[in-house]
Number of protein chains: 2
Amino acid sequence: MAEQYILIAAQELRAYALRMIEGVGVTPPQAALLADSLLEANLRGVDSHGMQLLNFYIEHMQMKCMDLTATGSVVSESGGTMLYDGGNGIGQVVSDLCCDHVIRLAQANGMALVSVRNSNHFGAAAYWAQKIARAGLIGMAFCNASPLAPPWQGKEPRLGTNPICMAMPGAPETGWLLDMATTTVAMGKIFKAYFSGEPAIPTGWAFDADGVQTTDTAKAFKGMPMPLGGYKGYGLAMMVEILVSVLSGGAMSTEVGGVRIRTRPMAYGHAFIGIDVARFMPLDEFAQRMEHLVGMMKSSQPAPGFDEVLVAGEPEWRSKRKRLVDGIPLSKGVWAELEKTARLVNVTPPVVQEISL
Amino acid sequence: MAEQYILIAAQELRAYALRMIEGVGVTPPQAALLADSLLEANLRGVDSHGMQLLNFYIEHMQMKCMDLTATGSVVSESGGTMLYDGGNGIGQVVSDLCCDHVIRLAQANGMALVSVRNSNHFGAAAYWAQKIARAGLIGMAFCNASPLAPPWQGKEPRLGTNPICMAMPGAPETGWLLDMATTTVAMGKIFKAYFSGEPAIPTGWAFDADGVQTTDTAKAFKGMPMPLGGYKGYGLAMMVEILVSVLSGGAMSTEVGGVRIRTRPMAYGHAFIGIDVARFMPLDEFAQRMEHLVGMMKSSQPAPGFDEVLVAGEPEWRSKRKRLVDGIPLSKGVWAELEKTARLVNVTPPVVQEISL
């Protein structure tokens, strides 16, 4: 079944987003940061974290759930550690400042951790880990999110998709880059299967509403996403929750709001880690060793049904190269939502081409 | 089918292990460290990392694959970072020293990372994360291992079970404690299903020898363990490999030996992280917040078929409380192997009780 999309050039999509974000009252430099972080996700093919988030962000901004003027403040700084209060500012604005802090602290102390409370959705974690990596550090980024997944053996939602992300210096734009939710899949994939009329989803994706594992798409749609691989994904989600919320003094588990909850601040927590590889070996040598490791993975014969072995990040770089040239396809559903959002802020959408994919 | 076990008191098992370890030429304090780390795994019910490892360790020691006199050396120390060369010493001896370093460096710098090359098997990662946690820090421990799992879409083994481990200050002996391989299960579980005559294993555990997913126990036995949840577990295993081997300058992927490879040093890498929570908030407050988070998980109604919601570490503390009182059951197969090892070092095994479980 061919799905209907629109196709738009990256720069045109960025300009459209900028007009909307500035239209709701965000200053131009902060609007540019927000637009860039979402555009990068679309370019990388991670559309769940691309411009479709604007609909939620702008709603939060209009409902005054998010403080457009806040940039947060340092609560404490000590050695390689910092506690930061986001002051309910735009997630990307807070994260950009905190990544600058983690870079500075890691360069001064060898490694650093900034734990952040009272922030908002920061887009894709990769954008921030890459920012840290471009400074010559191993960059890591974590955040919590609306509670959707149950604890293992439980039937009530308690933990978000709580991603783990790591980017490498030397090749932050082309190299190994991990950015993964600690649920097997995001709830969006289950929604997509449901709306596409697929009767079954793979084992391990979801529970029904009673907390029983299911492959029935309709039951999963009303149910909950499963922690990655079962109880281990639950443990990883807790690891993230500890770094971003227990340590930050912020909202945790069911205290957290969400991008789809329009009545209160998201109160998300973040954590950023930087590791100065030059303290271990010259950066060039580290980059060569990374290349060697990646080469060892790719030297494996492909399994039946596959042409090649990939490493984390590779599908996204391929998408980016292609979409920079060919433009970005957005589903007509997402585009229609963006048009609604544009009307709210008196912005005229650009004329776009329709395509089938 | 009742399995046959022997039952032995913890202190008696420790004394037996000590005689064997000293019998192969390890000094008493180092032998005590080694025995304690393995005993703790047995007490916690993690028998795969308990005394059964002694058979492999002592073989490596007798084959001179491991240097019994080496304790390793600091290659470089800078801010909160350290590069350590294990000098092919006993993994537990090297790890104990490196945990002391990470504690010292984290207390001085807020957080610290020690990356270690040229070491040997360090037992269960939890033992080291707990040691760091007892100093009032969040403790993390990682290591690589013999390549068993293929990269995603590949059919040749390239990555070990590469565990991720995190322990909490305030309650390192009773609280939340994550210690998980980044494969769905350890190869030992597949072996156990095979030797118990179970025809099928769960989906997601294994590939056959061609790299095709299988639930056929016999095919899995000749095959490979699957990364946790598929490509995400592959990403997590790489994350660990980067921290322990790319950053340490040590052996990576297929360059690594293994406990079951008797002809060369294991060349394992480790990484230890300490985070000084007192830089973020008083330790008591942190411990209360952890308790609050754990309570939020346990407040969920149990899913059908379960009586309660557990958190990571809980099954192991229950095992420890029970085994400290009732004694430690070891399978007769493992006990027979230990008897063989004891003969090699002229130690007489203790008389033990046989039981069915």
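Just to confirm the filter: which trypsin sites (Lys or Arg not before Pro) across the range B:32-107 are DSSP coil and have at most 16 other Cβ within 10 angstrom of their Cβ?
B:Lys64
Identify all aspartates and glutamates with a Cα-Cα distance to B:Lys155 below 15 Å; exclude those on the same chain that are fewer than 8 residues away in sequence.
Hits, sequence-local ones excluded: A:Asp307, A:Glu308, B:Asp208, B:Asp210.
Please compute the Cα-Cα pair-distance distribution of the range B:144-211 with 5 Å bins starting at 0, giving whole percents from short to long.
Final binned percentages: 4, 14, 20, 20, 16, 12, 8, 5, 2, 0.
Roughly to the nearest percent, how much of the accessible area of chain B is carbon and sulfur, given a 1.4 Å probe?
Answer for chain B is 54 percent, counting heavy atoms of protein chains only.
For the range B:98-148 and the range B:15-56, what is the centre-to-centre distance using only Cα atoms, to the nearest Å?
19 Å
What is the mean number of Cβ atoms from other protein chains located within 10 Å of the Cβ atom of each residue in peptide A:109-120, rounded to a whole number?
Mean partner-chain Cβ count within 10 Å for A:109-120: 4.
Within straight cross-link reach of B:Lys340, meaning Cα distance under 29 Å, which lysines are found once same-chain residues fewer than 8 apart are removed?
B:Lys64, B:Lys189, B:Lys192, B:Lys222, B:Lys320, B:Lys322, B:Lys332
Please report how far the C-alpha centroid of the range A:163-218 lies from that of the range B:196-241, rounded to the nearest whole angstrom.
19 Å
State whether the range B:222-307 is rounded, prolate or oblate according to the following rule on the C-alpha gyration tensor (a ≥ b ≥ c being the square roots of its eigenvalues): a/c under 1.5 gives rounded; otherwise a/b larger than b/c gives prolate, and the remaining case gives oblate.
Oblate.
Could you give the accessible area per residue of the protein assembly as shown, probe 1.4 Å, as a whole number in Å²?
36 Å²
Using alpha carbon centroids, what distance separates the range A:314-357 and the range B:275-317, in Å?
The two parts, judged by their Cα centres, are 42 Å apart.
Residue-wise, which Karplus ³J(HN,Hα) couplings in Hz belong to the range B:240-255, taking 6.51 cos²θ - 1.76 cosθ + 1.60, θ = phi - 60°, and x for glycine or proline?
Karplus values, whole Hz, x for Gly and Pro: 5, 4, 5, 5, 9, 10, 4, 6, 8, x, x, 5, 9, 6, 6, 6.
For the range B:125-280, what size does the Cα cloud have along each of its three principal axes, sorted from largest down, in whole Å?
Taking the Cα atoms of the range B:125-280, the three principal extents are 51, 34, 29 Å.
Over all residues in A:273-280, what is the mean tally of Cβ atoms on other chains that come within 10 Å of each residue's Cβ?
Shielding by partners across A:273-280 averages 6.
Please turn the phi angles of the range B:55-61 into ³J(HN,Hα) values with the Karplus equation 6.51 cos²θ - 1.76 cosθ + 1.60 (θ = phi - 60°), one per residue in order, whole Hz, x for glycine and proline.
For the range B:55-61, the Karplus-derived couplings read 4, 6, 4, 5, 4, 4, 5 Hz, x marking Gly and Pro.
Residue by residue, what Karplus-based ³J(HN,Hα) values in Hz, rounded to whole numbers, does the range A:269-281 have, using 6.51, -1.76 and 1.60 with θ = phi - 60° and x for Gly and Pro?
x, 10, 9, 10, 10, x, 10, 7, 5, 4, 6, 9, 6
What does the average come to when, for each residue of peptide B:174-180, you count the partner chain Cβ atoms lying within 10 Å of its Cβ?
Averaged over the peptide's residues, the number is 3.
Give the Debye-formula value of log10 I(q)/I(0) at each listed q (0.13, 0.20 Å⁻¹), with one equal scatterer per alpha carbon of the range A:5-86, two decimals each.
Normalising to I(0) and taking log10 leaves -0.50, -0.92.
Most fluctuating residue of B:Ala342, B:Ala218, B:Ala149 in a GNM of chain B with Cα springs under 10 Å: which is it?
Taking springs between Cα atoms under 10 Å, the residue moving most is B:Ala218.
If N is the number of residues in the protein assembly as shown, what value comes out of its Cα radius of gyration divided by 2.2 N^0.38 Å?
So the Cα radius of gyration is 0.96 times the expected 2.2 N^0.38 Å.
If only Cα atoms are counted, what is the Rg of chain B, and what is its Dmax, in Å?
Cα-based Rg and Dmax for chain B come out at 20.2, 56 Å.
Could you tell me what a quarter of the Cα convex hull surface of the range A:254-352 works out to, in nm² with one decimal place?
For the range A:254-352, averaging the hull's shadow over all directions gives 12.8 nm².
List the accessible area buried at the contact between B and A, summed over both sides and calculated with a 1.4 Å probe, in Å² to the nearest 100.
The summed interface area works out to 6700 Å².
The values are calculated or read from the model by the stated rules, or taken from the named source; none is laboratory data. This is a predicted model, so every value here is computed, not measured. All Cβ positions, even for glycine, are placed from backbone atoms using ideal geometry, and neighbour counts span all protein chains on display. Please note that ligands, DNA and RNA were not included when accessible areas were found on the heavy atoms of the full protein model with its side chains. Shrake-Rupley method; radii C 1.70, N 1.55, O 1.52, S 1.80 Å.
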